[in-house]
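Remarks on the structure that follows.
The values are calculated or read from the model by the stated rules, or taken from the named source; none is laboratory data. Bear in mind that the values here come from a model prediction, so they are computed numbers and not experimental data. Here the Cβ is made from the backbone with ideal geometry for all residues, glycine too, and neighbour counts use every protein chain on show.
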There are 2 protein chains.
Amino acid sequence: MSQASVTKGPRRADAQRNYELILAAARTAVAERGGNIVLEDIARDAGVGIGTLYRHFPTRQDLLEATFLNEALELKDRARALADETASLEALVGWLRLQMDFGAHGRSMGAAVMNAKHTEGSPIQTACLGMRDAGAVLLRRAQDDGLVREDIDMIDLLRLTHGIVLASEQARDNQRVDSMFELVIAGIRR
Amino acid sequence: MSQASVTKGPRRADAQRNYELILAAARTAVAERGGNIVLEDIARDAGVGIGTLYRHFPTRQDLLEATFLNEALELKDRARALADETASLEALVGWLRLQMDFGAHGRSMGAAVMNAKHTEGSPIQTACLGMRDAGAVLLRRAQDDGLVREDIDMIDLLRLTHGIVLASEQARDNQRVDSMFELVIAGIRR
DNA sequence: TACTATACGGAGGAATCCTCCGTTTGCAAG
DNA sequence: CTTGCAAACGGAGGATTCCTCCGTATAGTA
């Protein structure tokens with residue numbers, strides 16, 4: 001789904017292979033334990049030395065961002081698909097729900113990554129902007145249809161949905177997540 | 001303001017004194033660095049050994065909770081004061097804003113503590129429940145006045161405000177915090 | 001096959017956490 | 001005031017995790 005994992009410039013075959021092994025191990029670990037992954041464990045799971053992990057991902061943040069990158073790309077694609085298929089408000093609401101699902105799946109790493117300030121022009125920065133812009137199209141459609149207030153913007157909406165995920169992280173309670181989300185949707189309606 | 005720091009049972013004078021020194025140092029540190037405090041630093045600032053710190057607060061969570069306890073008590077008092085002084089909706093909104101201010105001040109520790117599952121009957125659990133109940137009175141009043149939807153409850157409302165604080169932690173942007181909060185308020189109105 | 005730029009791997013130093021236990025001290029009883 | 005001891009102190013040090021550094025191995029090329 002979406003453009004396969006972004007490959008860096010020309011590298012030796014073993015480097016490329018290890019890069020992907022590490023990323024795969026990190027994705028699994030993040031899904032299980034969230035941002036509290038132990039980097040030495042990732043390296044062991046990937047079957048590489050800790051030095052290799054640090055060469056590919058110099059900081060913890062780098063690894064987490066790479067883990068999240070594919071999801072950002074997929075969320076962008078999903079936004080575009082929804083724009084083609086579904087009525088404006090339903091599309092917007094459906095996409096925001098996807099944000100929460102992805103966020104919960106990644107144990108809120110998505111939210112943490114989204115909100116961090118990224119280097120200008122970095123892959124993750126580009127992916128986040130692309131995702132947000134794709135969402136903004138959905139918002140614009142719903143506003144043009146007169147269904148959503150004009151003074152809402154996508155940045156606030158994304159932050160709020162991520163906030164719901166963050167605040168519900170320990171007390172995993174889908175019932176409450178739904179009612180909070182519904183409350184937010186009520187707030188953006190015209 | 002509010003009942004002074006909750007003192008434990010009969011203790012030796014030095015124990016009581018150190019308990020308070022540690023707590024004071026922890027409050028300062030949390031205000032500055034949030035939940036990432038280094039416990040050895042706290043002990044040094046308080047002028048006690050690390051062993052003493054751990055005797056009084058066996059786990060990091062214990063210390064953070066104690067740090068937050070006074071704030072919870074004060075928020076309870078503020079809710080009661082607002083109930084006496086102000087129109088129902090304004091009181092509710094004002095109190096929720098206080099929640100966010102306190103949360104931001106404590107670097108989101110409040111939210112983290114509130115959402116953690118506490119031992120039944122522990123001081124922090126009691127304080128959180130007391131605070132929430134006091135807030136629920138404000139909500140009830142606004143609902144009775146027909147200004148707020150009946151299907152809203154205080155748990156969701158608190159989580160949402162804490163979610164806003166959490167999601168805005170890095171990108172400290174008061175403008176956006178306000179607009180998200182306003183959006184939530186719009187969502188609870190009738 | 002030989003050469004070298006590239007990549008690998010893990011030992012080990014630093015930061016932080018937390019426990020354990022020998023030493024000190026408040027305070028109550030005599 | 002002394003004495004006795006439960007209560008409290010404090011910090012050395014083991015465990016965990018992070019991250020760097022550098023000697024070793026190898027992919028790709030000529």
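Worth a mention:
- Within the range A:23-40, the set of residues being more than 19 Å from the chain's Cα centre (by Cα) and surrounded by 14 or more Cβ atoms within 10 Å (Cβ to Cβ) comprises A:39 only.
- Residue under evaluation residue A:92, criteria (1) out of contact with any Leu (no Cβ under 7 Å at 6 or more places or on another chain); (2) closer than 26 Å to residue B:148 by Cβ; (3) more than 10 Å from chain B (Cβ to nearest Cβ), criterion not met: (1)
- For residue B:55, the conditions (1) away from chain A (no Cβ under 14 Å); (2) away from DNA strand D (no atom under 16 Å from the Cβ) all hold with the exception of (2).
- Members of the range A:123-175 found to be of a type in the set (Ser, Thr, Tyr) and within 21 Å of residue B:176 (Cβ to Cβ), listed by number: A:161, A:168
- For the range A:85-128, residues that are surrounded by 15 or more Cβ atoms within 10 Å (Cβ to Cβ) and in a helix (DSSP H, G or I) total 28.
- Checked against the criterion of being surrounded by 17 or more Cβ atoms within 10 Å (Cβ to Cβ), at pLDDT 95 or above and within 9 Å of chain A (Cβ to nearest Cβ), the candidates B:166, B:160 yield just one match: B:160.
- Taking the range A:55-69 as the range and being hydroxyl-bearing (Ser, Thr, Tyr) and surrounded by 16 or more Cβ atoms within 10 Å (Cβ to Cβ) as the test, only A:67 passes.
- Scanning the range B:109-146 for residues that are over 28 Å from residue B:86 (Cα atoms) and among the hydroxyl-bearing types (Ser, Thr, Tyr), we see that the one that is modelled with the highest pLDDT is B:122.
- Yes/no for residue B:3 being more than 14 Å from DNA strand D (Cβ to nearest atom), modelled with pLDDT under 95, under 24 Å from residue B:114 (Cα atoms) and within 14 Å of chain A (Cβ to nearest Cβ): no
- Counting the residues of the range A:21-61 that are charged (D, E, K, R) and more than 10 Å from DNA strand C (Cβ to nearest atom) gives 6.
- Lone unmet requirement of (1) within 14 Å of the chain's Cα centre (by Cα); (2) assigned to a helix (DSSP H, G or I) for residue B:137: (1)
- Filter result for residue A:34 (on the phi > 0 side of the Ramachandran plot, without any contact (Cβ under 8 Å) to a residue 60 or more places away in the chain and outside the structural domain of residue A:114 (by TED's automatic domain parsing)): no
- Residue pairs whose Cβ atoms lie under 9 Å apart, sitting 6 or more positions apart in sequence or on different chains, and linking a residue in the range A:102-121 that is charged (D, E, K, R) to a partner that is not in a helix (DSSP H, G or I), are A:107/A:169; A:117/B:170; A:117/B:171.
- For the range B:100-122, the set of residues classified as touching a His at 6+ places or on another chain (Cβ under 9 Å) and under 18 Å from residue B:154 (Cβ atoms) consists of B:100, B:103, B:110, B:111, B:114, B:115, listed by residue number.
- A count restricted to the range A:105-137 and to residues that are in contact with a Gly (Cβ under 9 Å, 6 or more places away or on another chain) and farther than 20 Å from residue B:171 by Cβ stands at 1.
- Residues satisfying the stated conditions in the range B:58-92, i.e. of a type in the set (A, V, I, L, M), closer than 17 Å to residue B:103 by Cα and away from DNA strand D (no atom under 16 Å from the Cβ): B:64, B:69, B:72, B:73, B:75, B:79, B:92
- Hey, residue A:41 within 14 Å of DNA strand D (Cβ to nearest atom) and away from chain B (no Cβ under 14 Å) or not: yes
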